[in-house]
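> Please read through the structure below; I'll follow up with questions.
Please treat every number below as a calculation from the coordinates, not as lab data. Since the structure is predicted, the reported quantities are computational estimates derived from the model, not experimental observations. Reconstructed Cβ throughout: ideal geometry from the backbone, glycine too, with neighbour counts over all protein chains shown.
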Amino acid sequence: MSRNGPDAAWPPFMVADIEAERERLTTAGITFEDTQRGSFGAIARIDDPEGNRITLTEPPR
């Protein structure tokens, strides 16, 4: 059962290298949406195996 709804919170997790996390989690079977990059750093969203949305963030370099 997905916990994503109109009132759902998507917890952000700060990572040092979003591409390294993408590679590690993709190997584990997690699917990523496209990574967004800008002056804010980088953001990528994934759904965990239980259907929960999770946001990974990387600080600006």
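> If Lys and Arg each add +1 and Asp and Glu each add -1, what is the summed charge of the other residues whose beta carbon sits under 15 Å from the beta carbon of residue 59?
Details: positive: 37, 61; negative: 17, 19, 21, 58.
After counting each charged neighbour, the total is -2.
> Principal axis lengths of the stretch 12-58 from Cα atoms, whole Å, largest first?
31, 18, 16
> Which ³J(HN,Hα) values, rounded to whole Hz and listed in residue order, are derived for the stretch 26-37 from phi using the Karplus coefficients 6.51, -1.76 and 1.60 in 6.51 cos²θ - 1.76 cosθ + 1.60 with θ = phi - 60°, glycine and proline given as x?
Using θ = phi - 60°, the values come out as 5, 4, 7, x, 8, 9, 9, 7, 4, 7, 9, 10 Hz.
> Could you work out how far apart the two model spin labels at residue 53 and residue 30 are, taking each label as a point 7 Å from the Cα in the direction of the beta carbon, and quote it in nm?
Distance between label points: 1.6 nm.
> Can you work out the Karplus-derived ³J(HN,Hα) for every residue in the stretch 44-54? Use 6.51 cos²θ - 1.76 cosθ + 1.60 with θ = phi - 60°, whole Hz, and x for glycine or proline.
Result, rounded to whole Hz: 9, 10, 9, 10, 6, x, 8, x, 7, 7, 10.
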